[in-house]
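Chemist: I have a structure here, written as structure tokens, and I will follow up with some questions on it.
The values are calculated or read from the model by the stated rules, or taken from the named source; none is laboratory data. Here the structure is a predicted model, which means the values were calculated and not measured. Please note: Cβ atoms are built from the backbone with ideal geometry, for glycine as well, and neighbour counts cover all protein chains shown.
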């Protein structure tokens, strides 16, 4: 059965790099039941639970996935969207609220939904074979937003 969900993602920029060498925290997705996204690099985040506020969801997801303590967020004025085909042939429509997330902690992989994490420079992401296309659009929207 086809389904729609609301997802929040948290874009974390690694500090101490120039504007031309901006690095963002990405995770490699481990979700074989969605072949379109399995082993693709993505921005960390996850599903908003029933009656959960999106800010509470991004704080929870970043703690669950990467053990990051989020000390601040800022909504990026861009709503992401994607449709994935599951292994059973059903479609999953994902609507994505995007946040800049600020933290003083270092990431540690905790979630089974990701197999690794890495800070990656934006200029290098076009060379990566398996970056979710919507992740690139979200990062570009965030850069425009941060540079305002």
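Chemist: Sort out which residues of region 122-148 are surrounded by 14 or more Cβ atoms within 10 Å (Cβ to Cβ), in contact (Cβ under 8 Å) with a residue 40 or more places away in the chain and part of a helix (DSSP H, G or I), and write them in order of number.
Modeler: 122, 125, 134, 135, 137, 138, 139, 141, 142, 143, 145, 146
Chemist: Count, please, the residues in region 75-93 that happen to be out of contact with any helix residue (DSSP H, G or I) (no Cβ under 8 Å at 6 or more places or on another chain) and either in contact (Cβ under 8 Å) with a residue 24 or more places away in the chain or under 18 Å from residue 38 (Cβ atoms) (or both).
Modeler: 12
Chemist: I'd like the full set of residues that are surrounded by 14 or more Cβ atoms within 10 Å (Cβ to Cβ) and closer than 14 Å to residue 61 by Cα, limited to region 103-121.
Modeler: 103, 107, 109, 111, 113, 114
Chemist: May I ask you to verify whether residue 96 is in a helix (DSSP H, G or I), in contact with a strand residue (DSSP E or B) (Cβ under 8 Å, 6 or more places away or on another chain), crowded, with 16+ Cβ neighbours inside 10 Å and touching a residue at least 24 places away in the same chain (Cβ under 8 Å)?
Modeler: So residue 96 does not fit the description; no.
Chemist: Counting only residues that are in a strand (DSSP E or B) and over 24 Å from residue 34 (Cβ atoms), how many does region 99-108 have?
Modeler: Total satisfying the criteria: 3.
Chemist: Now a separate question. Go through the residues of region 50-69 one by one and say whether even a single one is in a strand (DSSP E or B) and within 14 Å of the chain's Cα centre (by Cα).
Modeler: No, there is no match, as no residue in region 50-69 is in a strand (DSSP E or B) and within 14 Å of the chain's Cα centre (by Cα).
Chemist: Could you look through region 109-121, keep only residues that are in contact with a strand residue (DSSP E or B) (Cβ under 9 Å, 6 or more places away or on another chain) and not in a strand (DSSP E or B), and pick out the one that is nearest to residue 64 (Cα to Cα)?
Modeler: Among those that are in contact with a strand residue (DSSP E or B) (Cβ under 9 Å, 6 or more places away or on another chain) and not in a strand (DSSP E or B), it is 111.
Chemist: Taking the criterion of being in contact (Cβ under 8 Å) with a residue 12 or more places away in the chain, more than 20 Å from residue 99 (Cβ to Cβ) and touching a helix residue (DSSP H, G or I) at 6+ places or on another chain (Cβ under 8 Å), would at least one residue in region 23-36 satisfy it?
Modeler: No, because not a single residue in region 23-36 is in contact (Cβ under 8 Å) with a residue 12 or more places away in the chain, more than 20 Å from residue 99 (Cβ to Cβ) and touching a helix residue (DSSP H, G or I) at 6+ places or on another chain (Cβ under 8 Å).
Chemist: Return the residues of region 1-32 that are outside any strand (DSSP E or B) and either surrounded by 18 or more Cβ atoms within 10 Å (Cβ to Cβ) or at pLDDT below 90 (or both); say none if nothing qualifies.
Modeler: 1, 2, 12, 15, 16, 17, 18, 19, 20, 21, 22, 31
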